[in-house]
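Input: a single structure, listed below in structure tokens.
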Amino acid sequence: MSNDLTLYGSFIQEIKDLTDGLCEVTLKTLMKNALLAKKNTRDYDAWSELGFAGTVAHNGLVGMALPSAVDRIPRRR
């Protein structure tokens with residue numbers, strides 16, 4: 001969740017609606033299904049939603065509008 005929260009609202013303006021929407025849906029999915037998985041640790045559907053939401057959050061899809069971390073590293077000359 002922290003990965004999505006750091007990215008939310010920090011995208012390039014031209015595609016902000018799509019990327020912020022992906023962040024919102026991912027966060028809502030994580031929050032909803034974390035509660036379900038906590039109540040019933042054998043809830044396969046909740047765990048599969050958590051796994052897929054985690055994959056989306058970390059595979060670069062949500063942060064696709066941001067410059068990569070490599071682009072932000074200062075270079076010595």
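For the stretch 15-63, the convex hull spanned by the alpha carbon atoms encloses 53 Å³ per residue. Available extension along the chain between THR55 and MET31 is 7.1 nm, counting 0.36 nm per residue and deducting the alpha carbon span.
Extension gain, SER48 to GLU24: 0.36 nm times the residue separation minus the Cα-Cα distance gives 6.8 nm.
Quick note: the coordinates plus some simple rules give every number you see, no bench work behind them. Bear in mind the structure is a predicted one, so any value in this text is a computation, not a measurement.
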